[in-house]
Amino acid sequence: MTVNADIFLVFFGMLSLYYLIMYLLSFKKFSMPGSDHNELGFVIFVPALNEAKVIGETCSQLNTIHARLHVVVINDGSDDGTGEVVQRYEGDRIHQFRRTAPEARQGKGMALNMAYAWARTQFKEWFPDLRDDQIIIGVTDADVYLHQNVIVEVASTFQSASDVGAVQAPVSIKGANENLWLLMQDIEFQAFFLYIQKARNWISSVAMGGNGQFTRYSAMKTLGDRPWTRALTEDIDLGLALTGHGHRICFTGKTPVVQHGLTSFHRLLKQRSRWVQGHYQVWKRLGSLWRSESRLITKLDSTLYLMMIVIPLVLAADYALGFASLFGLVRVDSDLMFWLHGFGSWIPSTVQMILGFSIQLIFLPSYTRTANIKIPWYVFPGLMATFSIYTATIWILASVIAFYRMATGKWGWIKTERETISTNTSSA
């Protein structure tokens, strides 16, 4: 049996070209004018289900931020002492919103909707002099370090233009220099996602995700009384809904929100399988996105972003074909490789090597600058190989788990157990 592998070469070649273009576009400066963050009011929701290990540190740190700020910790039916920890910090700025059974533990989106409904009744008391477009709704996890500069940069971005409906801040992983697993996750956030998001500033297709997401209240109101859905990636879903209503989403690209990573392979796989499954859930937003008045390039890139969740499946098929060929089960043919061979016997293998490490070659060199760490040149080959193995293994296995859950009708929220990693708030 003979199989032509040209489709894989074309696919990964186009993918590499896309990433290269986005990487180059990310260097185009997206400058923000000076602003006064005290002209805005911030309400930060912190969903907390059994977060006793980290919520105290988070409340303490959020309490130090200089801004017109209210923090709503959503105690989603915790039974590990989370409520008692938060209670020690409750006051003028820190508020605990308690959810109890049977409403509790129905997913992050449902918890956010209930807390949002309550908080809206408090806005006139908290911000009596502010308009709806001056109130900013933020969402963070229970394990974050939110630097003062994040608030300043987010405020500056919102105040740069009235059509900015949401802002996403970058993310880094706490203690990335302490553990290989954490380093891999930090490279994902600070060497890959960061530059892609910076490029999307110019395409108006910035994706909202995880920590550091902020939405203008006036934009949030256009989504109704329950802006979040049951999607496992409720953050991406919210961003697509906002884009579908014509709101622009921007990326600050400077000071990151620092969060805990995961050192357990099992927990990391659990988290990523939720992300994969959530991406497929959000595909339902594509129709409204294409019916919206957003720019064509915004629609195209947002669609491409959602569709890229199939890359692990294509990669798995490519690996499977390679192994089958290795054991003589199939014969792999390639017209493109035969054509390239005409330019030199070393050309086909070089092209394969470049395509195999294209993402690492494009983004890894920038990681040292972004994370402010020095990686010796002789470490890079091993780091590239390690990162390739890490991403392929995690995302392929996560895709398998996600498809199994979807096939068996399992759509419930998957809670990732918290780990205590480090007291160091730097990313590396």
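The values are calculated or read from the model by the stated rules, or taken from the named source; none is laboratory data. Just so it is clear, the structure is predicted and the values come from calculations on it, not from any experiment. Every residue, glycine as well, gets a Cβ built from its backbone with ideal geometry; the counts of neighbours run over all protein chains shown.
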Within the stretch 137-145, is even one residue under 20 Å from the mean Cα position of the chain (by Cα), outside any strand (DSSP E or B) and of a type in the set (A, V, I, L, M, F, W, C)?
-> yes
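How many residues does the stretch 302-312 contain that are surrounded by 15 or more Cβ atoms within 10 Å (Cβ to Cβ) and either touching a residue at least 24 places away in the same chain (Cβ under 8 Å) or more than 30 Å from residue 204 (Cα to Cα) (or both)?
6
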Scanning the stretch 371-392 residue by residue, those under 18 Å from residue 178 (Cβ atoms) and part of a helix (DSSP H, G or I) turn out to be 371, 379, 383, 386, 387, 390
Residue satisfying condition, being under 20 Å from residue 192 (Cβ atoms), of a type in the set (Val, Ile, Thr) and in a helix (DSSP H, G or I), within set 297, 359 = 359
Of all residues in the stretch 70-99 being among the acidic types (Asp, Glu) and over 22 Å from residue 40 (Cβ atoms), the one that is surrounded by the fewest Cβ atoms within 10 Å (Cβ to Cβ) | 79
Note: among 277, 271, 197, just one is crowded, with 23+ Cβ neighbours inside 10 Å, under 13 Å from the mean Cα position of the chain (by Cα) and in a helix (DSSP H, G or I), namely 197
Give me the pairs, please: first residue somewhere in the stretch 106-120 and farther than 10 Å from residue 72 by Cβ, second residue anywhere and of a type in the set (S, T, N, Q), beta-carbon distance under 7 Å, and either six or more positions apart or on two chains.
-> 109/229
Of (1) within 24 Å of residue 123 (Cα to Cα); (2) crowded, with 16+ Cβ neighbours inside 10 Å; (3) more than 17 Å from the chain's Cα centre (by Cα), residue 235 fails just (3)
Scan of the stretch 229-247 for residues that are in contact with an Asp or Glu (Cβ under 8 Å, 6 or more places away or on another chain) and either within 21 Å of residue 297 (Cα to Cα) or at pLDDT 95 or above (or both), ordered by number | 246, 247
So which residues in the stretch 100-128 are in contact with a Gly (Cβ under 9 Å, 6 or more places away or on another chain) and surrounded by fewer than 16 Cβ atoms within 10 Å (Cβ to Cβ)?
-> 100, 101, 103
Take the residues in the stretch 119-136 that are of a type in the set (A, V, I, L, M, F, W, C), in a helix (DSSP H, G or I) and over 27 Å from the mean Cα position of the chain (by Cα), then tell me which one is nearest to residue 232 (Cα to Cα).
-> 123
In the stretch 281-294, which residue that is assigned to a helix (DSSP H, G or I) and among the polar types (S, T, N, Q) is surrounded by the most Cβ atoms within 10 Å (Cβ to Cβ)?
-> 281
Given the residues 5, 67, 48, which is the only one that is farther than 26 Å from residue 167 by Cα, surrounded by 13 or more Cβ atoms within 10 Å (Cβ to Cβ) and either in contact with a Ser or Thr (Cβ under 6 Å, 6 or more places away or on another chain) or of a type outside the set (Ser, Thr, Tyr) (or both)?
-> 5
Check off (1) assigned to a loop (DSSP other than H, G, I, E, B); (2) surrounded by fewer than 22 Cβ atoms within 10 Å (Cβ to Cβ); (3) in contact with a Phe, Trp or Tyr (Cβ under 8 Å, 6 or more places away or on another chain) for residue 210 and give me the number that stays unchecked.
-> (3)
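With respect to residue 144, determine if the residue is modelled with pLDDT of 95 or more and either farther than 26 Å from residue 76 by Cβ or surrounded by 19 or more Cβ atoms within 10 Å (Cβ to Cβ) (or both).
Criteria not met by residue 144.
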By my count, strands (runs of 3 or more DSSP E) wholly in the stretch 1-101 with at least 1 residues that are free of Cβ contacts under 8 Å to residues at least 40 places away in the same chain are 68-76, 94-99
Restricting the search to the stretch 170-194, which residues are assigned to a helix (DSSP H, G or I), under 19 Å from residue 362 (Cβ atoms) and either over 11 Å from the mean Cα position of the chain (by Cα) or not charged (D, E, K, R) (or both)?
-> 183, 184, 185, 186, 187, 189, 190, 191, 192, 193, 194
Scanning the stretch 335-361 for residues that are polar (S, T, N, Q) and modelled with pLDDT under 80 gives 345, 349, 350, 352
